[in-house]
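Beneath this line is the structure, given in structure tokens, with notes to follow.
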Amino acid sequence: MINNDKSRHDLEFRLLSGFLDSEITPDLWNSLLTNGSSDVIFMTWHWQKAWWQVFARGKLLITIAIRDGKPVAIASLFSDGGMIFFVGSGCADELDFIGDISDPNILEGMITLAINEVSEFLGCRFYHVPKLSPTHESIKQVSNILKFQIFDEGELPLPKLSIKNSPDKANEAIAKKSLVRHERWFRKNGNLTIENINDNHAQIYLNDFFEQHIKRWEASPFPSLFNDPVQRTFYECLCTGVSSTGWLRFTRVIWRNRTISFHFGFNYRGTYIWYKPSFDISLSKHSPGEVLLRQLMIQAIDEGAHTFDFGLGDEAFKTRFASNTRFVKTVGLYTEEAIMKSNSEKSIGL
């Protein structure tokens, strides 16, 4: 589907058939990502494709903007129940539009094309857009053009340790007395080794990782996500999908020939991502999780990463080591009809 509206500065807008559409390659997708304001692994072709492969629901709506015959922006979206969302919603720390959307005509065109594919359209909910992203200003302009009401639906913190800008803070982090003390205990009482796997060989240990994570959380009010077979499949697909890129960082902390801690994460373009850790709950009093954290920060420094990203949330250990905190916001765009329907349902107690 092509829109050749000359009032949009000779822009064209196309709806792709999927992630394997010949219109765009993984390399082109990721190169557009580096031209945007939020270049994160969750928006790469590889991560997005894995998410859709496992969690697909509704209708996939990948729209691209083309200028002078070249793609300049991508909106990786899907629709479900009359609403439009980013692909990756629910699993990604950060999401956004891809490429240069400084021209509001670009965002308007991509969103309009997606909306035209949705029957009984109600609105859009865009999760976890970085607070500093220019997308927020562009969305305001688009909401005015399309006559939507825009809502701020909350924000979440993303603590980070800036290794490049705060090297002293990074060195202080790995020298924290508690981290060093816990690691010293394990080294004193057995052979402690660290194994880092950056390719598909991590598949060998995924089931052990899942089971350890389940045991870690089974006595808490928050059961492990890996009780869900679909989540297991997602991590298996991620492992396969990014194994050829060099981004995967799967770590085992081994003590007395047993894995006392795992971590499934990434190093993407210099951002080392704390994504999903686990540890042997039977050794909790000796804090194998802190041993893992220290080793990952050391690895990030050794690899020349500029940032250690602790992921969404304000848990105490994150704020303890972070040098700064960014925020992501969720934004809703709704039609007048959707708002009237919602108000009506509230008034009758639905």
FRET efficiency for N116 and R269, using Cβ-Cβ distance with R0 set to 35 Å, rounded to 0.05: 0.55
GluC sites (Glu not before Pro) restricted to region 96-184 and DSSP loop, no more than 11 other C-beta within 10 Å: E120
Given a Förster distance of 22 Å, report the FRET efficiency between S284 and N207 from their Cβ-Cβ distance, rounded to the nearest 0.05. 0.50
Projecting the Cα atoms of A173, N191, L158 onto the charge dipole of region 149-197, where Lys and Arg contribute +1 and Asp and Glu -1 at Cβ, the residue farthest towards the positive end is N191
Nothing charged except the Cβ atoms of Lys and Arg (+1) and of Asp and Glu (-1): what's the magnitude of the dipole of region 236-350 about its Cα centre? Round to the nearest 20 debye. 380
Taking the Cα centre of region 1-128 as origin, sum charge times position over the Cβ atoms of Lys and Arg (+1) and Asp and Glu (-1), and report the length of that vector in debye to the nearest 20. 240
If I model a spin label as a point 7 Å beyond the Cα along the Cα-Cβ vector, how far apart are those points for K147 and E315 in nm? 4.8
Would you mind getting the accessible area per residue of the chain, heavy atoms of the protein chains only, 1.4 Å probe, in Å²? 46
As a test, work out the antiparallel percent of DSSP beta bridges whose residues both lie in the chain, rounded to the nearest 5. 90
When the helices in the chain are scored as -39500 (n - 2.57) per DSSP H run of 4 or longer and the sum is shared across all residues, what 222 nm value do you end up with, to the nearest 500 deg cm²/dmol? -10500 deg cm²/dmol
Between (1) 1.00; (2) 1.08; (3) 1.55, the structure-derived Cα Rg over 2.2 N^0.38 Å is (2)
Running Debye on region 45-125 with equal point scatterers at the Cα sites and no solvent, what base-10 log of I(q)/I(0) appears at q = 0.11, 0.17, 0.18, 0.26 Å⁻¹? -0.28, -0.67, -0.75, -1.33
Residues of type lysines that K329 reaches as a straight line, Cα spacing below 17 Å, ignoring anything fewer than 8 places off in the same chain: K131, K140, K160
For the pair R57/E23, report the inter-label distance in nm, with labels modelled 7 Å from Cα in the Cβ direction. 2.6
In a Gaussian network model over the chain where Cα atoms closer than 10 Å are linked, find which of G90, G99, G123 has the largest mean-square fluctuation. G90
Would you work out the charge dipole size for the chain about its Cα centre, treating the Cβ of every Lys and Arg as +1 and the Cβ of every Asp and Glu as -1, and quote it to the nearest 20 debye? 1540
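The values are calculated or read from the model by the stated rules, or taken from the named source; none is laboratory data. No experiment lies behind these values; they were computed from the predicted model shown. Because the Cβ atoms are built from the backbone with ideal geometry, glycine has one as well, and the counts that use them run over all protein chains shown. Quick note on the areas: whole protein, heavy atoms, side chains included, nothing else; ligands and nucleic acids left out. Shrake-Rupley method; radii C 1.70, N 1.55, O 1.52, S 1.80 Å.
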